[in-house]
Amino acid sequence: MRLRGIVIIPRLNGFFELKDTIVFRSYGFRSFPINQVQAAYRREDPIDGFGVALILESSQVDLDFGLPTFFLAQDSVEKISEAFRLSDRLTEKLLKRPWGGVRPFAMVHHFC
């Protein structure tokens, strides 16, 4: 697999709003061919927020190894971490509150 982009996608009212995707880093990726898709995650109790996604394309290594294979570079890890920090800030701004869970997030002003 080859990394084509690191994107931040808003999820609102149970739908990924692909038309509003933030292309955090592009390595050839421009936009999605559709505007919106229903989010399967928590379909019964949707949560609004922003998610980080990697846009990948097939490469020769997938054929050679017989499975989709992605070699992750240190620079990509750093850019992905930056994208997560931005998605957390955007989600906090959207929700106007902190949240718990696997990746809890709170800002100082939540405690004042």
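Brief remarks follow.
- Entry remark, the stretch 65-106: residues being part of a helix (DSSP H, G or I) and aliphatic (A, V, I, L, M) number 7 in total.
- Taking the criterion of being over 15 Å from the mean Cα position of the chain (by Cα) and surrounded by 15 or more Cβ atoms within 10 Å (Cβ to Cβ), the only residue of the stretch 15-51 that qualifies is Pro46.
- Looking only at the stretch 28-53, residues that are farther than 23 Å from Leu95 by Cβ and aliphatic (A, V, I, L, M) come to 1 in all.
- Arg4 farther than 22 Å from Pro98 by Cβ and assigned to a strand (DSSP E or B): yes
- Filter pass, Leu54 being surrounded by 10 or more Cβ atoms within 10 Å (Cβ to Cβ), under 12 Å from Leu3 (Cβ atoms) and at pLDDT below 95: no
- Within the stretch 7-36, the set of residues being over 18 Å from Ser87 (Cβ atoms) and either part of a strand (DSSP E or B) or basic (Lys, Arg) (or both) comprises Arg30, Gln36.
- Every condition in (1) modelled with pLDDT of 95 or more; (2) assigned to a loop (DSSP other than H, G, I, E, B); (3) farther than 24 Å from Glu82 by Cβ holds for Asp62 except the one numbered (2).
- Which numbered condition Pro46 fails, given (1) within 21 Å of Arg97 (Cβ to Cβ); (2) in contact with a Ser or Thr (Cβ under 8 Å, 6 or more places away or on another chain): (2)
The values are calculated or read from the model by the stated rules, or taken from the named source; none is laboratory data. Computed from a predicted structure; not experimentally measured. Using ideal geometry, Cβ is built from the backbone for each residue, glycine included, and neighbour counts are taken over all protein chains shown.
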